[in-house]
Amino acid sequence: MKNKIIILIISLIAFLNIFFLLKHKIIPKIQALEGMEYVQGSEHIESYYIDKTPVTVAQFRKFINATHYETESEKFGDSGVFDFKTGEWNLIKGANWEYPESKLKPKASENHPVTQVSWNDAVAYCKWARKRLPTKAEYDFAANNAEPEFKTYAWGENAIENGKYKANFWQGSFPQYNSNEDGFLTTSPVGYFGKNKLGLSDMGGNVWEWVQDWNPEKPTEKLQCGGSYLCDPNVCHGFKIGNISSTSPETGLMHIGFRCVKDMKWLLLQKIFNN
Ligand SMILES: [Ca+2]
């Protein structure tokens, strides 16, 4: 009996604490879910919200302006840039999220996915947006429209449908020749190639996207999903659902971006206390 009373008192104190924090806006009210889609969970995956598109340069700029955060590329003074002539990756001075190929090349377009962000930078952005990075399982599940039977691609079975490319990837022969039939040698505007059934864009192609998981075969590297504009289906086929790449968490590359997810549980808790 005495134990039950103690547990009851502790529970009451915890409840009052949360109530106080919410009422005094120490824990903020529900953030708008604008730009996100609901993903109904399954036996192994809890329901969550996911960004409809990769985080754009414009969205990332808001984060930088609000926090004065310095990305790892900016701290290092250089970042990974692909040389289309030699087919090699080089560390290029001054390359960063705003100038993905160096300050001598064009500035990143505001409606394109942000790139040259490390895993640590992506985590910092998601925290600021009161979200988090998806797990690989969550990324793949959303790419597959929350359906149990996995398809080849987020949009279906073929990379070209009715004569139109369904994603931004590499046509030709990597790394020597890109025929550029889809119209983009590097990033494309988010959503340009349409949506999957869930309403999500760029879940395959355009940029690789950081997820939470470490690579089980390379324990110092974090995984990316979704493939990029550099993926030639004959070489890497990264835009196929389930395929991965990985690099160390401080690495920035001109073909890696990210999107965030938001947990249902946290949303429900906030909703209860704010209504
Ligand atoms: Ca392309």
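Each value in this text was obtained by applying a stated rule to the coordinates, not by laboratory testing. Note that the structure is a prediction, hence the values are computed from the model and not measured. Positions of Cβ are backbone-derived with ideal geometry, glycine not excepted, and every protein chain shown enters the neighbour counts.
Compute the acute angle (0 to 90°) between the alpha-carbon long axis of helix 2-23 and the principal axis of greatest extent of the alpha-carbon atoms of the chain; round to the nearest 10°.
With rounding to tens, the tilt is 50 degrees.
Need one number: the % of Cα-Cα pairs in the chain sitting beyond the 32 Å mark.
So the portion of pairs separated by more than 32 Å is 28 percent.
Write down the percent of antiparallel bridges among all DSSP beta bridges whose residues are both part of the stretch 169-275, to the nearest 5.
85
Classify the stretch 74-209 as rounded, prolate or oblate from the Cα gyration tensor: take a ≥ b ≥ c as the square roots of its eigenvalues, call it rounded if a/c is under 1.5, otherwise prolate when a/b beats b/c and oblate if not.
It comes out oblate by the Cα gyration axes.
Listed here are the pairs Lys107/Lys240; Lys52/Lys105; Lys62/Lys107; Lys62/Lys218; Lys105/Lys166; which of them are more than 23 Å apart at the Cα?
Going by Cα-Cα distance, Lys107/Lys240; Lys52/Lys105; Lys62/Lys218; Lys105/Lys166 fall outside the 23 Å limit.
Placing +1 at every Lys and Arg Cβ and -1 at every Asp and Glu Cβ, with all other atoms neutral, what dipole size does the stretch 39-265 have around its Cα centre, in debye to the nearest 20?
620
What is the calculated FRET efficiency for Ile13 to Glu147, with r their C-beta to C-beta distance and R₀ = 45 Å, to the nearest 0.05?
0.55
Relative to the longest principal Cα axis of the chain, at what angle does helix 119-128 sit, 0 to 90 degrees, rounded to 10?
40
If the elastic network links every pair of Cα atoms under 10 Å, which of Lys103, Lys75, Lys166 fluctuates the most in the Gaussian network model of the chain?
With Cα springs under 10 Å in the chain, the top fluctuation among Lys103, Lys75, Lys166 is at Lys75.
Would you list Ile244, Ile50 from fewest to most Cβ contacts within 10 Å?
Ascending number of Cβ neighbours within 10 Å: Ile244, Ile50.
Based on DSSP, what percent of beta bridges with both residues in the chain are antiparallel, to the nearest 5?
90
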